[in-house]
Amino acid sequence: MSVLGTHTAKIRVLVVDEHPMLRHGIIAYFNCQPDVTVCGEADDIPNAQSKLLECRPDLLLIGLRLGTGDSLEFVKALKAQHPKLLILVYSAFEEAIFAERALRAGANGYLMKKATREEMLIAVRDVLRGQIYVSRELAMSAFQKSLETQPQHRLLEKAPRVENLSEREMHVFQLVGSGLGTRKIAHALNLSVKTIETHRGNIKGKLGLHSGAELTERATAWVMENLLPQQRNEIS
């Protein structure tokens, strides 16, 4: 049964995003709705963990990028600890790459930050009704992929595309593109330098890159193209 069907009080939402202006705008909009109230906010994973225990939300709205924290690993851990918690990932990262990863981690929906606030409310209400939310464009793309022949699908998987990176490799790739070196990434992820070097090697292999310089150049260009334009839109 959906949360909407079991509650007479307003639905409680915890908003987690590293950008204060965006977070406060979402909170103000939600608190104007007749069926939704924001019970707490956080700007990173440690604060989100504390707020979850404090306000016990029905739904967690969480940004995919929270400093150097791995939001998808956090979502996966939360679903193991709180299987009934509904989670909507709200991100500037391209949904064609990250929506499936978020859903596999346990999220109930994925919404792009370029979506309107009305679309965001639709996504929240769909998730609260027990539905999985993705954009219509992504749903159509997934349907078209399901019609592809197996040889075509295997060729796409072998092509040197960012989409073929694992969740951990994608996180390392983002941090490389954000300007972090191997030791800083290892410290941020609480992993050994050797492990990060292994991930870097795997990333280079999957993307057809031959040096650390090529990896840095490719990762930086990807972050500039996929993340920074959305951040500028949030501020403007």
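A few points about this structure:
- Residue check for Lys114: within 24 Å of His171 (Cα to Cα) and assigned to a helix (DSSP H, G or I): no
- Residue in the stretch 35-44 that is assigned to a helix (DSSP H, G or I), surrounded by fewer than 19 Cβ atoms within 10 Å (Cβ to Cβ), under 21 Å from the mean Cα position of the chain (by Cα) and not hydroxyl-bearing (Ser, Thr, Tyr) present: no
- Complete set of residues in the stretch 189-210 that are surrounded by fewer than 17 Cβ atoms within 10 Å (Cβ to Cβ) and under 19 Å from Ser71 (Cβ atoms): Asn190, Leu191
- Number of positions in the stretch 38-49 that are of a type in the set (Val, Ile, Thr) and modelled with pLDDT under 95: 1
- Arg65 satisfies every condition listed in (1) within 20 Å of Glu167 (Cα to Cα); (2) among the charged types (D, E, K, R); (3) free of Cβ contacts under 8 Å to residues at least 24 places away in the same chain except (3).
- Criterion violated by Asn226 - all others in (1) closer than 16 Å to Gly179 by Cβ; (2) modelled with pLDDT of 85 or more satisfied: (2)
- Whichever residue in the stretch 45-81 is among the small types (Gly, Ala, Ser) and assigned to a strand (DSSP E or B) and, among such residues, is farthest from Leu175 (Cα to Cα): Gly63
- Flag for Lys84 being in a loop (DSSP other than H, G, I, E, B), without any contact (Cβ under 8 Å) to a residue 24 or more places away in the chain and in the same structural domain as Leu22 (by TED's automatic domain parsing): yes
The values are calculated or read from the model by the stated rules, or taken from the named source; none is laboratory data. Quick caveat, the model's predicted, so the values are computed rather than measured. When we count neighbours, we look across all protein chains shown, and the Cβ atoms used for this are built from the backbone with ideal geometry, even at glycine.
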